[in-house]
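S.K.: Let me give you the structure first, and then I'll get to my questions.
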Amino acid sequence: MSRAEDPLLWARRAVEQNEAQVRTPTFCALCVSRCGATAVTVNGHFTALEPDPGHPTGRALCVKGKAAPAIVSSADRVLHPLRRTAEKGAQDPAWERISWDEALDTVAARLARIAAVSGPESVVFAAASPSTSALSDSVDWITRLRRAFGSPNFTNSMELCGWGRHLASIYTFGASVPGAFMPDLERAGCILYWGYNPSVARLVHATATVEARRRGAKLVAIDPRRAGLASEADHWLRVRPGTDAALALAIVDVLLQRGLYDVEFVRRFTNAPLLVRADTGRLLRSEEVPGAEPGRYVAWDAAVAKPVMYDPKTRRYDTNETHLALDGRCTVGDIECRPVLAELAEHCRECPPEAASAITGVPAAEIERVAETLWRSRPVAFYTWSGLEQHNGATQTIRAINVLYALLGCLDAPGGNVLFSPVPTNPIDGFGLLAPEQRTKAIGRNERPLGPARFEFITGPDFYTAALDGRARALVNFGANLVMAQADSARGRDALAALDFAVHADTFLSPTADLADIVLPVATPFEVEALRIGFEVSQEAQSLVQLRRPVQAPRGEARSDLEIVFALAQRLGLGAQFWDGDIDAAWRHQLAPSGITLEQLRAQPAGIRLPLATRYHKHAELRDDAPVGFRTPSGKVELLSETLADHGYPALPTFTEPGISPRSRPDLAVRYPLVLTCAKSVRFAESQHRQIATLRRATPDPHVEIHPDAAAERAIAAGDWVRIATPNGAVRARARLNSSLDPGVVCGQHGWWQACAELDLPGYPPYGPDSANLNLILQHTPGDPVSGSSPLRASLCEIERMEAPDAAATGDPDGKRRPRPTSASAERDA
């Protein structure tokens, strides 16, 4: 039998036959970087993962990827289906092993019963973020299952990790920029990373950036910490957490005041020429101009000094576009107006570099230099991450950066942010399976009609509220550790405990799994097949199709998320929408337009590359003799958004001081004078894998970074245990000194709960006074009014040195470590 015929059976027989070393082309699916790799298997056991320089994402592997064999072989794996036998809220769930048939039958029966009584919308589906887990293998199939079931409610922390990259930018570009329009790093003259450290978040971007720097590209990094590539940047701007919108508006002010913007792109492809009424701040419509055809916008022809019409359907003006005014004032009838660009320029004059400096802490001269660099070093490619998304001003911040980028004129241009040509496929997310009336039942849509619920993503706090008030009755969760990933962990615990039923599919137990009724064991991505169509980061990467092979047999009874999805679909009576449970048939359907077959992919584990070429400037292409434009109401990049204005939000990007900051809450700042932010760790995938010795060894304890001066004021030395206290409680961490921070800012880490038995390192309860769970002391409010994003990266705190415990009792020679519970369930309600 060959590997192509049955890869799982082949892997099992490899163990039985004691085969020698096998090297398999693959890719690491542990995060969004999806680095190309070679898996080394000895006698059927996965022993090493190495970079594959021949893969378009394979220049390097991070420590998490290198630890993959240890993750696969961990003694803490869930290997069999489990059923809770204790009451919800009990300290120990008292798991009982059951069969797959019993588990799946139970899940299907409970979900069907709840849907029959309360509607399918009462069942919420959840998944870990595909950016920080292997869920990218199956998230579209989970979405298909949810839609086929009839639920519009999906939570995967989109408001915390994805809103800015994928959804908020729709209100400017009508597309996901930079989520889908990726930075063309190979051709960029300048790279802008804002709230994004690719060294820990997307290694393939880090290696590509290093290469770009070698050929002369400039790098601008905007981050409260000088971490990763920021230490090598031409400009590093140490912005106060949560004030990024003020910084962006100040850069826009410099660009506009100095004429540093792409006049042709701005005039032709943005709504900059459209007229804004002085009295209402709204766009002037043709209905307000006597004799004009309805359904049009109005601009001003400077050559003949009269109004002209713009038809958003044809994307055309009634005049030569080069005549369109971008500044000045005019009067149409008796209505005083000026173009959008002039309105934007005056708006940004309220936040010039000097004013922004006082708000953000970035010197005014450096703001001006960065604006000059961005213009002089074009084309500019940019990327943002959750450093901008976890604030109560997230949407306006993204809008401000999007407007800045539009002025540079680099969108879909070589070296800018580009929509690389994808491999043609059939969509499999089942969009048409969910009835339109069901979409209106998304939780939170009424409160925030332009937010994540508009796109069938519900926020963590909205889910918690719905669970507590009975609207959400069940949860189908694929790996999301909600109580550790979301703010207000104690409320999350209460919400999950209030559900009638919850099923949790995962590779390891977690504080969230502890609150489920059924737990299903999930195989690691190195034990199962998965189809990857396109690797996103370049045209070469996007042209690659790879069927990832299992490099060892699944341990125990673990199954892939995809197998679980298809099995549940069968039992829920949805088999017809899932090719009657045949995953291969589903993949064949998905691949059909590409011309690539499963047989070819199984015979070529390194993948198949199609000869695709990037089409640039797609917005300028003609369709029916009209420019394609953008998928916005005006067909243009919307510097001024009437969609936002129609719902009561600012039409122009606007800075609002963070809701809990020394400026907005001076009453709290007396007791809590420090700004608390947080950052990803390079060693851990959010709240996962701290039990893995090879990862935990270099970071044995939770830590909080603090400036040496701030530490000295508090008699804190490096390595001391400290209390991080906020108005909502306190957790513990070790102090780590970081002179790159502003003395008024400290940086913590979320996700600490797991013990590491191999190193005899403790775990930490997710709740209670001995917790190290940063999200336990952070709140969802005040949230972003558009998205509901939580302010996890800009709050107030104080850091206090803890008294050293008795060294003899702790077994800690330096007297700095206190004993900790080793289980996520221990001292849950302390």
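S.K.: For the chain, what does the helix formula give at 222 nm: sum of -39500 (n - 2.57) over DSSP H segments with n ≥ 4, over the residue count, nearest 500 deg cm²/dmol?
M.R.: -7000 deg cm²/dmol
S.K.: When DSSP beta bridges are limited to those with both residues in region 167-317, what percentage is antiparallel, rounded to the nearest 5?
M.R.: Of those bridges, close to 55 percent are antiparallel.
S.K.: Okay, next question. If you take the beta carbon distance between ASP334 and ASP667 as r and set R0 to 60 Å, what does 1/(1 + (r/R0)^6) give as a FRET efficiency, to the nearest 0.05?
M.R.: The pair ASP334/ASP667 has a calculated efficiency of 0.80.
S.K.: Taking the convex hull of the Cα atoms, report for the chain its projected area averaged over all directions, in nm².
M.R.: Mean projected area of the Cα convex hull: 35.1 nm².
S.K.: Spelling out what I want: for every residue of region 109-118, take phi, set θ = phi - 60°, compute 6.51 cos²θ - 1.76 cosθ + 1.60 (Karplus), and round to whole Hz; glycine and proline get x.
M.R.: Once rounded to whole Hz, the list reads 5, 5, 5, 5, 5, 5, 5, 5, 8, 10.
S.K.: Taking the Cα centre of the chain as origin, work out the dipole magnitude from +1 charges on Lys and Arg Cβ and -1 charges on Asp and Glu Cβ, in debye rounded to 20.
M.R.: Its charge dipole is roughly 980 debye.
S.K.: Let me ask another. Can you tell me the 0 to 90 degree angle between the C-alpha axis of helix 561-571 and the longest principal axis of the chain, rounded to 10?
M.R.: Helix 561-571 and the main axis of the chain meet at about 80 degrees.
S.K.: Which of the listed residues, VAL528, GLN542, LEU509, is farthest toward the dipole's positive end in region 507-550, when Lys, Arg count +1 and Asp, Glu count -1 at the beta-carbon?
M.R.: Looking along the dipole axis, the top candidate is GLN542.
S.K.: Which of the lysines could be linked to LYS680 by a straight reach, that is with a Cα gap under 19 Å, when you skip same-chain ones fewer than 8 residues away?
M.R.: Candidates past the 8-residue exclusion: LYS64, LYS66.
S.K.: Here is a follow-up. Please give the helix 203-214 orientation as an angle from the longest Cα principal axis of the chain, in degrees from 0 to 90, rounded to the nearest 10.
M.R.: So the helix axis and the longest Cα principal axis differ by about 50 degrees.
S.K.: Turning to a different aspect of this structure: Report the label-to-label distance for GLU366 and SER421 in nanometres (one decimal), using points 7 Å from each Cα along the Cα→Cβ vector.
M.R.: In this crude spin-label approximation the distance works out to 4.3 nm.
S.K.: While we're looking at this one, here's another question. Considering all alpha-carbon pairs of region 588-672, what whole percent are spaced by more than 18 angstrom?
M.R.: Counting every Cα pair in region 588-672, those more than 18 Å apart make up 73 percent.
S.K.: Ok, one more. From the Cα trace of region 323-436, what convex hull volume per residue do you get, rounded to a whole Å³?
M.R.: Looking at region 323-436, the number lands at 254 Å³ per residue.
S.K.: Name the GluC sites (Glu not before Pro) in region 687-775 that are in a loop by DSSP and that have at most 12 other C-beta atoms within 10 Å, would you?
M.R.: Passing sites in region 687-775 do not exist.
S.K.: Let me check something: with ligands and nucleic acids excluded, how do GLU232, GLU638, GLU50, GLU121 order by accessible area (1.4 Å probe), largest to smallest?
M.R.: Largest accessible area first, the list is GLU232, GLU50, GLU121, GLU638.
S.K.: Setting aside same-chain residues fewer than 8 positions from LYS636, which lysines have a Cα under 17 Å from its Cα?
M.R.: Counting by Cα, and skipping residues close in sequence, LYS636 has these lysines nearby: LYS313, LYS618.
S.K.: What per residue convex hull volume, in Å³, comes out for region 25-133 when only alpha-carbon positions are used?
M.R.: About 173 Å³ per residue, rounded to a whole number.
S.K.: Under a straight-distance cross-link criterion of Cα-Cα below 14 Å, which aspartates and glutamates are reachable from LYS441, leaving out those fewer than 8 residues away in the same chain?
M.R.: Within reach: GLU121, GLU456, ASP462.
S.K.: For the chain, find the longest principal axis of its Cα atoms and tell me its angle to the long axis of helix 244-257, 0 to 90°, nearest 10.
M.R.: Tilt relative to the chain: about 30 degrees.
S.K.: I've got another one for you. List residues of region 271-309, by number, whose backbone nitrogen lies under 17 Å from a label position 7 Å along Cα→C-beta of GLU350.
M.R.: Answer for this model: 276-283.
S.K.: Around ILE596, with a cut-off of 14 angstrom between Cβ atoms, what is the net charge of the other residues, counting Lys and Arg +1 and Asp and Glu -1?
M.R.: Once positives and negatives cancel, what remains is +2.
S.K.: Evaluate the charge dipole of region 686-734 about its Cα centre and quote only its size in Debye, nearest 20, assuming +1 on the Cβ of each Lys and Arg and -1 on the Cβ of each Asp and Glu.
M.R.: It works out to roughly 280 debye.
S.K.: In debye to the nearest 20, how big a dipole does region 391-515 give about its Cα centre with +1 on each Lys and Arg Cβ and -1 on each Asp and Glu Cβ?
M.R.: With only Lys, Arg, Asp and Glu charged at Cβ, the dipole is about 300 debye.
The values are calculated or read from the model by the stated rules, or taken from the named source; none is laboratory data. Bear in mind the structure is a predicted one, so any value in this text is a computation, not a measurement. Cβ sites come from the backbone with ideal geometry, for glycine too, and all protein chains shown count toward neighbours. Just the protein is used for accessible areas: all its heavy atoms, side chains included, with ligands, DNA and RNA removed. Shrake-Rupley method; radii C 1.70, N 1.55, O 1.52, S 1.80 Å.
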